[in-house]
Number of protein chains: 2
Amino acid sequence: MRLIIIGGVAAGMSAASKLRRLDEDAEIIVFEKGDDVSYGACGMPYYISGEIESADSLVARTPDAFRKKGIDVRTRHEVIAIDTERKSVTVAAGDEEKQYSYDKLLIATGARSLRLDVPGRDDGRIRSLKSLSDARFLKETLTDAYSHIGLIGGGYIGIEMAEALRTMGKRVTMIERESQVLPGFDADMASLVEDTLKAEGVTLKKQETVEAYEQGDSIRIQTDRDAYEVDFVIESIGVRPDTAFLEGTAIEMEKGAIKVDEGMETNVRDVYAAGDCALYPHRLLDEHVYVPLGTHANKTGRLLGERLGGLERTFDGVIGSMVLKAFELEVAKTGLTASEAETAGIPFGEVRIKAPSHAGYYPGAKPLHVKWVYHREDCRLLGAQLIGEAGAAHRVNIAATAIQAGMTARTFSQLDLAYAPPFSPVWDPLQIAVNQIKCHRKKG
Amino acid sequence: MRLIIIGGVAAGMSAASKLRRLDEDAEIIVFEKGDDVSYGACGMPYYISGEIESADSLVARTPDAFRKKGIDVRTRHEVIAIDTERKSVTVAAGDEEKQYSYDKLLIATGARSLRLDVPGRDDGRIRSLKSLSDARFLKETLTDAYSHIGLIGGGYIGIEMAEALRTMGKRVTMIERESQVLPGFDADMASLVEDTLKAEGVTLKKQETVEAYEQGDSIRIQTDRDAYEVDFVIESIGVRPDTAFLEGTAIEMEKGAIKVDEGMETNVRDVYAAGDCALYPHRLLDEHVYVPLGTHANKTGRLLGERLGGLERTFDGVIGSMVLKAFELEVAKTGLTASEAETAGIPFGEVRIKAPSHAGYYPGAKPLHVKWVYHREDCRLLGAQLIGEAGAAHRVNIAATAIQAGMTARTFSQLDLAYAPPFSPVWDPLQIAVNQIKCHRKKG
């Protein structure tokens, strides 16, 4: 059995490693068009800022380490075509092109950065951050010569980069097209993050659309409302699946992402997809969604390795859990926001509280903002958002677990949760908030 | 409707407050034999150590504040007898005794410290810590004149007091009868805490039983194996329900604790119990258990207030979640330990791992020890224990939620949990551990 894997980062190498452990005989070839495999992309902002000293420490395992385990990793090898009839791929390496046949094929090419299509975009000082090569470039380039950085986009990578750049002592201007940063959060919660951005010295411009870059000694960012002179631009306006090379194949896609079944198999037999190039089922919505995150890439990659290794596994899907550090804030969400529930036409209610992150009388408690979104008919928990300087990042996963279990507000209120003053108030803030939900039925 | 509440700490005042909010007309009288109501007993070690400056800050609300809300709080009033036929209680206050009739009666007397019954025990320098009065006494008494403290018992209060006393610069000798500290934890996990106790300068003596105290300038603790000269002794060998005054009534008890139904009602109509004097159903075991913890007292008290206020509520029970700070360690458990599962005759398996508390490449990661106990037949999760310098205290509640939802290892492995490098590895340590559980079914 020969498994060919296209893409050697999270999903691809997870699949390779897992299959290797379960099946000593399978031939596993990984084609990676870049230089690096198996790295923690989420750590890149901290490498750029200097908090993580070496890019090597982001690399979980080198190509050589994989080769020693019997996984044939080939970097700088780009798959440029797939023939699903003949079950082969065409691979370009240097000037050579070569065909390889497969028994099973995993597409794990991940995503590439979206880039603005505006005049003046072709300039070496306008960049994005997606690969470890990007991170190395930014690390080397952003010397003191570049003191004012324009950040386009206020999503989570934009915010992580804002923190990194402030840590480096840069002046930062962030330009966000929408009326709030962090579009995955409700506006009332996102505004807490905006307050922190401003307090940390980030100039935040919302509801401004970049219309052009003008080059000179510096770069002039021209928006529909104003203009900003900066030394360097980092665009973080989102990503799209890296699937252009699949055009013309029989592999079914939606909005550029690959459709897979619960076993990560595409509509074409023996062709699988995992990670940031695939669509995932959303557990709370009757649809497949594009949620490019490292957790899902690792999970779906591993799961495919298990399946190919003969284990019974299916992917249960995602609910939209995420957390980021925004300067001193832990910013977390899981499940549906109020605005997502509204868009989906789900009758929902919401409660929001502020509670101390641990017992108020114990030193160091910080205000924690908690918001629950719930189904108004049966009080099922649909989503939670937590923001605070402490106690949000792990608590969100208590909520995530409850939501995935289908718990109601009442059930959650009754949970036996561990408590001690240095860690929590006697009622956990999640329970304090859930207790505000009115699901009362009067007796008799 | 007149509700009489016996005991004004967590359960009693939770019930009173909740009923007051739901029912403006009910007459609510609280008899508390001590001086204080509604205080956070779990914070007392930190008050003694000086980390919390004032005992007042442990008091959530004063008697006067309750009175302003229309709750008739009477401190230094001890209920000494109950007549369930005539629906009245006898209350002693100073030299007076008086009868009060009730429509509904809540017994929320909590627990008292167990004390050793050994020669020489009657000495003002041999104390325990249960009430805020005890805490005040210890705070005032443990001046520099007392430099070496004997701690009898290595349960969670003993360990919290060990930390408090070391913070105060005291020499501490801890004597534990059993072969491990923290009897609620498995020995392999408890040993991590023992290592920390020793590293923090606590002299730990295990498998030694105190046989006598001998008084002199100092106190000589005589055990079955050795003897220790100390200046002061704090016994923390557990508590028992404060129910002696119920002897001879029709109220059913078991091992001194009050049996209640799912609505916290005793076998005697209109008589309820909540908090540390009551037994709770264990969700994973087919029995009622005695688990005196503040979380349950608050929960059952509030629930009773809701029921008396006309809401439909039942208590779902407990699973044994707890967390404590042991010097720099977060020490947490939920559900069944391996030894508890064994005692209960449940066929179980266990896995144990050590993982970084967050992404290894991000500064500040600490080793986190995670142990899962699971049902060997269906891989249902039964219990988790987490110990580490970071990331244990809230993660245990992710496990607690999963266990209470009846999740299997497989389901847990698939949970969409939020991740970012400063907070977690890409696979949460709980998932890394659960992935070690072999619940594989081979396909076909």
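Going by the structure shown, is residue A:309 farther than 18 Å from residue A:159 by Cβ, surrounded by fewer than 21 Cβ atoms within 10 Å (Cβ to Cβ) and touching a residue at least 12 places away in the same chain (Cβ under 8 Å)?
Working: farther than 18 Å from residue A:159 by Cβ: yes; surrounded by fewer than 21 Cβ atoms within 10 Å (Cβ to Cβ): yes; touching a residue at least 12 places away in the same chain (Cβ under 8 Å): yes.
Judged against the criteria, residue A:309 is a match.
Name every residue in segment A:340-370 that is surrounded by fewer than 16 Cβ atoms within 10 Å (Cβ to Cβ) and either in contact with a strand residue (DSSP E or B) (Cβ under 6 Å, 6 or more places away or on another chain) or within 30 Å of residue A:289 (Cα to Cα) (or both), in order of residue number. Working first, answer last.
Restricting attention to segment A:340-370, the residues satisfying the condition of being surrounded by fewer than 16 Cβ atoms within 10 Å (Cβ to Cβ) are A:342-345, A:347, A:354, A:360, A:363-364, A:366-367.
Listed by number, the residues that qualify are A:342, A:343, A:344, A:345, A:347, A:354, A:366, A:367.
Please go through segment A:312-365 and pick out each residue that is more than 7 Å from chain B (Cβ to nearest Cβ), under 18 Å from the mean Cα position of the chain (by Cα) and among the basic types (Lys, Arg).
Of everything in segment A:312-365, just one residue is more than 7 Å from chain B (Cβ to nearest Cβ), under 18 Å from the mean Cα position of the chain (by Cα) and among the basic types (Lys, Arg), namely A:333.
Would you check if there is a residue in segment A:49-70 being in contact with a His (Cβ under 8 Å, 6 or more places away or on another chain) and under 30 Å from residue A:164 (Cβ atoms)? Spell out how you get there, then give the answer.
At the first step, the residues of segment A:49-70 found to be in contact with a His (Cβ under 8 Å, 6 or more places away or on another chain) are none.
Checked segment A:49-70: no residue is in contact with a His (Cβ under 8 Å, 6 or more places away or on another chain) and under 30 Å from residue A:164 (Cβ atoms).
Residues A:75, A:109, A:62: which one is away from chain B (no Cβ under 14 Å), in contact with a Ser or Thr (Cβ under 7 Å, 6 or more places away or on another chain) and closer than 30 Å to residue A:142 by Cα?
Working: A:75 fails: in contact with a Ser or Thr (Cβ under 7 Å, 6 or more places away or on another chain); A:62 fails: in contact with a Ser or Thr (Cβ under 7 Å, 6 or more places away or on another chain).
Criteria check complete, one pass: A:109.
I'm trying to understand the selection: among the residues of segment A:376-398, which are within 11 Å of chain B (Cβ to nearest Cβ), of a type in the set (Gly, Ala, Ser) and under 19 Å from the mean Cα position of the chain (by Cα)?
If the condition is that a residue be within 11 Å of chain B (Cβ to nearest Cβ), of a type in the set (Gly, Ala, Ser) and under 19 Å from the mean Cα position of the chain (by Cα), then A:384, A:392, A:393 are the ones that fit.
Which one of these is at pLDDT below 95, in contact with a helix residue (DSSP H, G or I) (Cβ under 8 Å, 6 or more places away or on another chain) and not aliphatic (A, V, I, L, M): B:313, B:302?
Values: B:302 fails: at pLDDT below 95.
Only one candidate qualifies: B:313.
Considering only residues that are outside any helix (DSSP H, G or I), hydroxyl-bearing (Ser, Thr, Tyr) and more than 7 Å from every other protein chain (Cβ to nearest Cβ), which ones fall in segment A:399-420? Even if it seems obvious, please write down each step before you answer.
The initial filter retains those residues of segment A:399-420 that are outside any helix (DSSP H, G or I), namely A:405-408, A:414-420.
Cutting the leftovers down to hydroxyl-bearing (Ser, Thr, Tyr) gives us A:408, A:419.
Once the filter is applied, which keeps residues that are outside any helix (DSSP H, G or I), hydroxyl-bearing (Ser, Thr, Tyr) and more than 7 Å from every other protein chain (Cβ to nearest Cβ), segment A:399-420 yields only A:408.
Could you tell me which numbered condition residue B:423 fails, if it satisfies all but one of (1) within 7 Å of another protein chain (Cβ to nearest Cβ); (2) touching a residue at least 40 places away in the same chain (Cβ under 8 Å); (3) part of a loop (DSSP other than H, G, I, E, B); (4) farther than 25 Å from residue A:159 by Cα?
(4)
Which is free of Cβ contacts under 8 Å to residues at least 40 places away in the same chain, of a type in the set (A, V, I, L, M) and not assigned by TED's automatic domain parsing to the domain that holds residue B:159, of B:353, B:398? I'd like the intermediate steps shown before the answer.
Working: B:353 fails: free of Cβ contacts under 8 Å to residues at least 40 places away in the same chain.
From the options B:353, B:398, the qualifying one is B:398.
Within segment A:254-275, is there a residue that is under 30 Å from residue A:165 (Cβ atoms) and either in contact with a helix residue (DSSP H, G or I) (Cβ under 6 Å, 6 or more places away or on another chain) or not in a loop (DSSP other than H, G, I, E, B) (or both)?
yes
I'd like the full set of residues that are buried (at least 19 other Cβ atoms within 10 Å of the Cβ) and either of a type in the set (Val, Ile, Thr) or more than 16 Å from the chain's Cα centre (by Cα) (or both), limited to segment B:286-305.
B:291, B:295, B:300, B:302, B:303, B:304, B:305
Does segment B:128-146 hold any residues that are over 26 Å from residue B:73 (Cβ atoms) and touching a strand residue (DSSP E or B) at 6+ places or on another chain (Cβ under 6 Å), and which are they? Reasoning before the result, please.
Pass one, segment B:128-146, residues over 26 Å from residue B:73 (Cβ atoms): B:141-146.
The answer is B:146, and nothing else.
Any chance segment B:168-185 includes a residue that's part of a helix (DSSP H, G or I), in contact (Cβ under 8 Å) with a residue 12 or more places away in the chain and either within 20 Å of the chain's Cα centre (by Cα) or surrounded by fewer than 21 Cβ atoms within 10 Å (Cβ to Cβ) (or both)? Spell out the reasoning first.
Residues of segment B:168-185 that are part of a helix (DSSP H, G or I), as a first pass: none.
Scanning segment B:168-185 turns up no residue that is part of a helix (DSSP H, G or I), in contact (Cβ under 8 Å) with a residue 12 or more places away in the chain and either within 20 Å of the chain's Cα centre (by Cα) or surrounded by fewer than 21 Cβ atoms within 10 Å (Cβ to Cβ) (or both).
Just one of (1) of a type outside the set (Ser, Thr, Tyr); (2) part of a loop (DSSP other than H, G, I, E, B); (3) under 21 Å from residue A:15 (Cα atoms) trips up residue A:118, so point out which.
That leaves (3) as the condition not met.
Looking at (1) surrounded by 23 or more Cβ atoms within 10 Å (Cβ to Cβ); (2) at the interface with chain B (Cβ under 8 Å from one of its Cβ atoms), which one does residue A:274 not meet, given that it meets all the others?
(2)
Yes or no: residue B:211 of a type in the set (D, E, K, R) and part of a strand (DSSP E or B)? So that I can check it myself, show each step before the final result.
Working: of a type in the set (D, E, K, R): yes; part of a strand (DSSP E or B): yes.
Spelling it out, residue B:211 is indeed of a type in the set (D, E, K, R) and part of a strand (DSSP E or B).
Any idea which residue in segment B:14-34 is surrounded by the most Cβ atoms within 10 Å (Cβ to Cβ), counting only those that are within 12 Å of chain A (Cβ to nearest Cβ) and closer than 19 Å to residue B:296 by Cβ?
Filtering first and then ranking leaves B:14.
Mind counting the residues in segment A:312-332 that are in contact with a Lys or Arg (Cβ under 9 Å, 6 or more places away or on another chain), among the basic types (Lys, Arg) and outside any loop (DSSP other than H, G, I, E, B)?
Selection size over segment A:312-332: 0.
Output the number of residues of segment A:35-93 satisfying the condition of being aliphatic (A, V, I, L, M), buried (at least 21 other Cβ atoms within 10 Å of the Cβ) and over 21 Å from residue B:420 (Cα atoms).
Residues that pass the stated criteria total 6.
Would you be able to say whether some residue in segment A:244-265 is in contact with a Gly (Cβ under 8 Å, 6 or more places away or on another chain), buried (at least 18 other Cβ atoms within 10 Å of the Cβ) and not β-branched (Val, Ile, Thr)?
No, every residue in segment A:244-265 fails to be in contact with a Gly (Cβ under 8 Å, 6 or more places away or on another chain), buried (at least 18 other Cβ atoms within 10 Å of the Cβ) and not β-branched (Val, Ile, Thr).
From the list A:217, A:195, exactly one residue is assigned to a helix (DSSP H, G or I) and free of Cβ contacts under 8 Å to residues at least 24 places away in the same chain. Which is it?
Details: A:217 fails: assigned to a helix (DSSP H, G or I).
Just one listed residue meets the conditions, A:195.
State whether one or more residues within segment B:9-18 are farther than 19 Å from residue B:276 by Cα, in contact (Cβ under 8 Å) with a residue 12 or more places away in the chain and assigned by TED's automatic domain parsing to the domain that holds residue B:302. Spell out how you get there, then give the answer.
Taking segment B:9-18 as the starting set, the residues that turn out to be farther than 19 Å from residue B:276 by Cα are none.
Checking segment B:9-18: not a single residue is farther than 19 Å from residue B:276 by Cα, in contact (Cβ under 8 Å) with a residue 12 or more places away in the chain and assigned by TED's automatic domain parsing to the domain that holds residue B:302.
The values are calculated or read from the model by the stated rules, or taken from the named source; none is laboratory data. Quick caveat: nothing in here was measured; it's all calculated off a predicted structure. Backbone-built Cβ (ideal geometry, glycine too); neighbour counts: all protein chains shown.
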